[in-house]
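Values quoted throughout were computed directly from the atomic coordinates according to the rules given, and no laboratory measurement underlies them. What you are looking at is a predicted structure, and each value in this text was computed from that prediction instead of being measured. Here the Cβ positions follow ideal geometry from the backbone for every residue, glycine too, while neighbour counts run over all protein chains shown.
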Amino acid sequence: MTSCFESVFLQTVARGTVPFLQVFAFYVITHGHYSPGGGFQGGVMLAASIILLRITFGEDSFRRFPESAGLMLAGVGALCFAVLGFAPLLSGGSFLEYARTFFWMEAPEARYWGILLAEVFIGFLVWGALVAIYDALATGGGE
Amino acid sequence: MRWLGLVLIAALGGILVWGASDLPRRGDPGSPAAVHDSVSVYYIRNAYEETRTPNIVTAVLADYRSFDTFGESVVVMVAALSCVLILLRPRRPAGDDGGDA
């Protein structure tokens, strides 16, 4: 990124807002069982916090969240979700059958934890994907 | 050729509208998705016992219909990947425009 809004006010507000935004995003991801929310929504909020840093701090934000981290997070999220999906096939279950992945738990409890894991992976995936899209658009050809 | 495209689009749009006009009205208690022994009634009755998840939407999204969610999230990842691949082209040495610029 070549330019940013160099403003003490914006940077101070962003510094105060971003931690709360991220904590609330993790709350939204993990509280999807009980309230509206989940991986997609929480991931978007995490991405929004990083994009806020990108806008207000410019180059400095790449030290906290490097440009390569976006795609890496997205890939890791998708890979973990795929592993979670294909793992039950090894023991003869069906795709994403959480009760077989967590075979030491009772079925409802296993599905509870499976849903939570899937939401967390989706959250990481959306987080990384949106930051990667923003970086690709903002840097415009790798300048 | 332009007229062919226009006619094709009109025909496809007409088919879409024709199909949509046959959908049940929103909230119709007699629609196939809402009558008893359908999936939505099954989810409402059994989602909590089977998944310990009070939010039925989450239970359907991440458990009963999780293969759909998996596809959706892969679409998001592929969108980011193609954005990066298209927009962040590798820098070429000066004077070499690659022939397609």
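Things to note:
- Highest GNM mean-square fluctuation among B:Asp68, B:Asp37, B:Asp22, for chain B modelled with Cα contacts below 10 Å: B:Asp22.
- Most mobile of B:Val35, B:Val17, B:Val60 in a GNM of chain B (Cα contacts under 10 Å): B:Val17
- Cβ crowding within 10 Å, taken as a proxy for footprinting-reagent exposure, orders B:Ser73, A:Ser7 from fewest neighbours to most as A:Ser7, B:Ser73.
- Average partner coverage of A:64-77, which counts Cβ from other chains inside 10 Å: 2
- For the peptide A:126-137, the mean number of other protein chain Cβ atoms found within 10 angstrom of a residue's Cβ is 5.
- Residues whose amide H comes within less than 5 Å of that of B:Arg52, counting only those at least five positions distant or on another chain, are absent (H built at 1.01 Å from N in the peptide plane).
- For chain B, the relative contact order works out to 8 percent when only alpha carbon pairs closer than 8 Å and six or more residues apart are counted.
- For chain A, the relative contact order comes to 32 percent (Cα pairs under 8 Å, sequence separation of at least 6).
- Spatially, the stretch B:1-30 and the stretch A:27-55 are offset by 36 Å when compared through their Cα centroids.
- Among A:84-91, B:8-15, A:44-51, sorting by the average number of other beta carbon atoms lying within 10 angstrom of each residue, highest first, gives A:44-51, A:84-91, B:8-15.
- When the Cα positions of A:Phe57, A:Thr30, A:Ala47 are compared along the charge dipole of the stretch A:1-100, A:Thr30 comes out farthest toward the positive end, with charges on each C-beta of Lys, Arg, Asp and Glu.
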